[in-house]
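**Student:** Sending over a structure as structure tokens; questions will come in a sec.
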Ligand SMILES: O=C(O)CCC(=O)C(=O)O
């Protein structure tokens, strides 16, 4: 990982709820991630539980891999790397626990969009000391479905939700953000770059209609002091029951 001014990163994260880290992984690490994802999908995925993945509408292309930290020791080890834990510890205000390693594959031409949401509608943690490190494995451009974030929105708490009907993203926001798209922060990334976003930061992404895949690898951490909020969990259970991920 590049040398990072952690005090500056923390200050930016607390204020904006999303930060950019260039070259979070180097080119060799990106290549190793890609190779292991390809191998896992080819050799292991069929023997995993159904909730290990969500497919695109063609019912065969992977939209998301879930729970890689459970199903794949290589990805668990990567997520538990000491330099990454040290980077996120101040941001989750405590000891970071790796609770998810996932992908949002956004395959070329058929990659589906992600509705406006706040991750804590899924994570259901209180206090909301939880975040996602979103690492670009492919280049993320304006055209292939980048993630847009509403800076500062993490400070407004959890906003009303609605069922989205989207497989893999079952709970969305009742209303999209009033902040125009041009004023939102667009995560344009080279392979290996990452964004880190707070679990209350509003974000979304469009479908990928280009010829270029937009694969992202996500690490999710919470502070060891957070607990499940029963009201958030109840709302999430309704959504996930209405639109199961698999
Ligand atoms: O990768 C995307 O398009 C969406 C990612 C997302 O929703 C998330 O990181 O929580």
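The values are calculated or read from the model by the stated rules, or taken from the named source; none is laboratory data. Here the structure is a predicted model, which means the values were calculated and not measured. With ideal geometry, Cβ positions are generated from the backbone for all residues, glycine too; neighbour counts draw on all protein chains shown.
Yes/no matrix, rows are residues, columns are (1) modelled with pLDDT of 95 or more; (2) over 28 Å from residue 233 (Cβ atoms); (3) more than 11 Å from the ligand (Cβ to nearest atom):
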site: 129; (1), (2), (3): yes, no, yes
site: 149; (1), (2), (3): yes, no, no
site: 153; (1), (2), (3): yes, no, yes
site: 159; (1), (2), (3): yes, no, yes
site: 167; (1), (2), (3): no, no, yes
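**Student:** Out of (1) closer than 30 Å to residue 234 by Cα; (2) more than 14 Å from the ligand (Cβ to nearest atom), the odd one out for residue 113 is which?
**Tutor:** For residue 113, the failing item is (2).
**Student:** Output the residues belonging to segment 1-42 that are part of a loop (DSSP other than H, G, I, E, B) and touching a residue at least 60 places away in the same chain (Cβ under 8 Å).
**Tutor:** If the condition is that a residue be part of a loop (DSSP other than H, G, I, E, B) and touching a residue at least 60 places away in the same chain (Cβ under 8 Å), then 1, 4, 17, 22, 23, 24, 25, 26 are the ones that fit.
**Student:** Moving to a separate point now. Would you kindly identify the strands (runs of 3 or more DSSP E) lying entirely within segment 168-246 that contain at least 2 residues that are within 28 Å of residue 97 (Cα to Cα) and touching a helix residue (DSSP H, G or I) at 6+ places or on another chain (Cβ under 7 Å)?
**Tutor:** On the way: elements: 169-173, 194-198, 203-205, 216-223.
Of the strands (runs of 3 or more DSSP E) lying wholly inside segment 168-246, those with at least 2 residues that are within 28 Å of residue 97 (Cα to Cα) and touching a helix residue (DSSP H, G or I) at 6+ places or on another chain (Cβ under 7 Å) span 169-173, 194-198, 216-223.
**Student:** Also: Would you call residue 107 within 16 Å of the ligand (Cβ to nearest atom) and surrounded by fewer than 24 Cβ atoms within 10 Å (Cβ to Cβ)? Working first, answer last.
**Tutor:** On the way: within 16 Å of the ligand (Cβ to nearest atom): yes; surrounded by fewer than 24 Cβ atoms within 10 Å (Cβ to Cβ): yes.
Considered against the rule, which asks whether it is within 16 Å of the ligand (Cβ to nearest atom) and surrounded by fewer than 24 Cβ atoms within 10 Å (Cβ to Cβ), residue 107 comes out as yes.
**Student:** Then there is this: So, residue 158, is that one touching a helix residue (DSSP H, G or I) at 6+ places or on another chain (Cβ under 8 Å) and surrounded by fewer than 22 Cβ atoms within 10 Å (Cβ to Cβ) or not? So that I can check it myself, show each step before the final result.
**Tutor:** Working: touching a helix residue (DSSP H, G or I) at 6+ places or on another chain (Cβ under 8 Å): yes; surrounded by fewer than 22 Cβ atoms within 10 Å (Cβ to Cβ): yes.
Yes.
**Student:** Mind listing whichever residues of segment 45-81 are farther than 24 Å from residue 240 by Cβ and in contact with a helix residue (DSSP H, G or I) (Cβ under 9 Å, 6 or more places away or on another chain)? Steps first, answer last, please.
**Tutor:** Quick first cut of segment 45-81, residues farther than 24 Å from residue 240 by Cβ only: 73-74, 77-78, 80-81.
Once the filter is applied, which keeps residues that are farther than 24 Å from residue 240 by Cβ and in contact with a helix residue (DSSP H, G or I) (Cβ under 9 Å, 6 or more places away or on another chain), segment 45-81 yields 74, 78, 80.
**Student:** How many residues are within 15 Å of the chain's Cα centre (by Cα) and exposed (fewer than 14 other Cβ atoms within 10 Å of the Cβ) if we restrict to segment 171-194?
**Tutor:** Of the residues in that region, 0 qualify.
**Student:** Sticking with this structure for a sec: Residue by residue through segment 199-214, note down the ones that are closer than 26 Å to residue 4 by Cβ and more than 11 Å from the ligand (Cβ to nearest atom). If you could, list the steps in order and put the result at the bottom.
**Tutor:** Start the filter on segment 199-214 by keeping residues that are closer than 26 Å to residue 4 by Cβ, which leaves 199-203, 205, 214.
Within segment 199-214, just 200 meets the criteria.
**Student:** Something else: Considering 168, 152, which residue is crowded, with 20+ Cβ neighbours inside 10 Å, touching a residue at least 60 places away in the same chain (Cβ under 8 Å) and at positive phi?
**Tutor:** Working: 152 fails: crowded, with 20+ Cβ neighbours inside 10 Å.
168 is the lone residue from the list that is crowded, with 20+ Cβ neighbours inside 10 Å, touching a residue at least 60 places away in the same chain (Cβ under 8 Å) and at positive phi.
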